[in-house]
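Asker: Below is the structure I would like to discuss, written out as structure tokens.
Every read-out reported here was derived from the displayed coordinates using simple, explicitly stated rules and does not represent laboratory data. For clarity, every value in this text was computed on a predicted model and none was experimentally measured. Every residue, glycine as well, gets a Cβ built from its backbone with ideal geometry; the counts of neighbours run over all protein chains shown.
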Amino acid sequence: MNCLEERILKDGVVKPGNVLKVDSFLNHQMDVALLDEMGKEFKRRFADKTITKILTIEASGIAIACSAARYFNNVPVVFAKKSKSINIDGDMYVATVESFTHKNVNQVVVSKRYLNEGDHVLIIDDFLANGCALQGLISIAESAGAKVEGIGIAVEKGFQIGGKVIRNMGYHLESLAIVDSMDDQTSTINLRDQD
Ligand code: 5GP
């Protein structure tokens, strides 16, 4: 069992609506030693890949992406910004993403200056549920002509469809922890054995 899995079992809180709260160590208060271990583990899992940029989405993916970047030769981290403006100019790559936790739809944007043809991208995010956030990031990378070399997720909720969809699209997806089931009534979390 890796550090993240141990921490989820110790401090993760199951909320109604299939939401796992990890606010005490990842999404609000952050344990930087744990983040560092996660970055190291992503490097181990994508050791054969040459990465020129890490792409994530604000806000919770940023810290994880930065920790990972330290293990990939300090490549730049680019995060997709959630934009309220409907007047997005031509300097931006744009994707529409439905938020799992907030149940709203955001346009997310990345400046064309920071993602280019020829980039080899590792996409990082905190959670994978239905895969909307990842599909938005993949579409932005592909609009830029960049190659998605891999996708690293902290917590995949294996009982939701996203993991299957993204793997079926042919992407190399690695999740540090996979939750097979959870129950807010009994506060139980069952993790998939990945050893
Ligand atoms: P998806 O787009 O795959 O449906 O959902 C992924 C996004 O929703 C992630 O970027 C994450 O911010 C948020 N998310 C999805 N499920 C959870 C969850 O159980 N807990 C938390 N904290 N965030 C989640």
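Asker: Over the Cα atoms of region 30-166, what Rg and Dmax result, in angstrom?
Answerer: In Å, with Rg to one decimal and Dmax whole: 14.2, 41.
Asker: Right, another one. What lysines could a cross-link reach from LYS43, if we take a straight Cα to Cα line under 27 Å and drop same-chain neighbours fewer than 8 places away?
Answerer: LYS43 reaches LYS10, LYS21, LYS53, LYS81, LYS112, LYS147, LYS157, LYS164.
Asker: Going by how many other beta carbons lie within 10 Å of each one, how would you line up LYS53, LYS43, fewest first?
Answerer: Listed from fewest to most nearby Cβ atoms, that is LYS43, LYS53.
Asker: If one takes the longest principal axis of the Cα atoms in the chain, at what angle in degrees, from 0 to 90 and to the nearest 10, does the Cα axis of helix 61-71 lie?
Answerer: 80 degrees
Asker: If you don't mind, there's one more thing I want to ask. State the answer as a single residue: which of ILE189, HIS120, GLY162 lies farthest towards the positive end of the charge dipole of region 96-195, with beta carbon charges of +1 for Lys and Arg and -1 for Asp and Glu, about the Cα centre.
Answerer: HIS120
Asker: Round to the nearest 10 and give me the degree value, 0 to 90, for the angle of helix 132-143's Cα axis relative to the longest principal axis of the chain.
Answerer: 20 degrees
Asker: When the helices in the chain are scored as -39500 (n - 2.57) per DSSP H run of 4 or longer and the sum is shared across all residues, what 222 nm value do you end up with, to the nearest 500 deg cm²/dmol?
Answerer: So the helix-based figure for the chain works out to -8000 deg cm²/dmol.
Asker: Which GluC sites (Glu not before Pro) does region 83-165 hold that lie in a coil by DSSP with at most 16 other beta carbons within 10 Å?
Answerer: Counting only loop positions with at most 16 other Cβ atoms within 10 Å, the GluC sites (Glu not before Pro) in region 83-165 are GLU117.
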